[in-house]
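A short write-up of the structure that comes next.
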Amino acid sequence: MNEEIDNLDHARAEKKSSWFERLLDWTPRWLIVVAGLAAGISILSYGLRQMLIAGDETTIWMFGLFHFAGYLFFIVSPVEILYARMVEFNHGLVLLWTVAVGTALLGQAIDYMIGYAFSDAVIKNLIGEKKYKRYYNRIDRYGGMTIFFFCLFPLSSPIVLLVAGMIRYPAGWAALFSAVGLSIKYAVIAFMIL
């Protein structure tokens, strides 16, 4: 395993051609984490404040805030339940689906960038050695199909995108497989509710 990680680190050092890789080399890693944590905490506190002010009424704006925060790997929560409740209360289905998929992709992009920016050792401590090895082996073996499959189910896709960033899986392909998986998941949930 250590030889694979050393080879992976050497391969990462050799190819730095995309704008994303050059941006991450320029940006201090701690800045990405601080910005992600600040964004997540700010969104949750703002959403909670708005929910307390509004009472029982949940708006599409509050749904988007909570849904985004639920797709950050360090705040993982079952936001699919909130989506199902919003569909049940007859909010605009197309708008709701667009907000759900869009905010999920944004949260997963942040997870990917955090995984890309940090070493394996730091992430292993955050999500655990066992989960890390399981996700690493699946992404390494099956690639984008792993991302697609895990986006179909609750709670697992933020961690998979984090690990995909760590192993430097191509960001464009990760986003494509994630978008397709999330689109199908939220369409199926809406179909089951209606």
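The values are calculated or read from the model by the stated rules, or taken from the named source; none is laboratory data. As the structure is a prediction and not an experimental result, all values here were calculated from the model. Neighbour counts run over all protein chains shown; Cβ positions are idealised from the backbone, glycine included.
Looking across the stretch 88-121, just one residue is over 17 Å from Ala171 (Cβ atoms), modelled with pLDDT under 85 and either of a type in the set (A, V, I, L, M) or touching a Pro at 6+ places or on another chain (Cβ under 8 Å) (or both), and that is Ala121.
Mind checking whether some residue in the stretch 149-160 is out of contact with any Cys (no Cβ under 6 Å at 6 or more places or on another chain) and either under 23 Å from Leu31 (Cβ atoms) or at pLDDT 90 or above (or both)? Yes, there is a match, as at least one residue in the stretch 149-160 is out of contact with any Cys (no Cβ under 6 Å at 6 or more places or on another chain) and either under 23 Å from Leu31 (Cβ atoms) or at pLDDT 90 or above (or both).
The number of residues in the stretch 169-194 being in a helix (DSSP H, G or I) and surrounded by fewer than 20 Cβ atoms within 10 Å (Cβ to Cβ) comes to 16.
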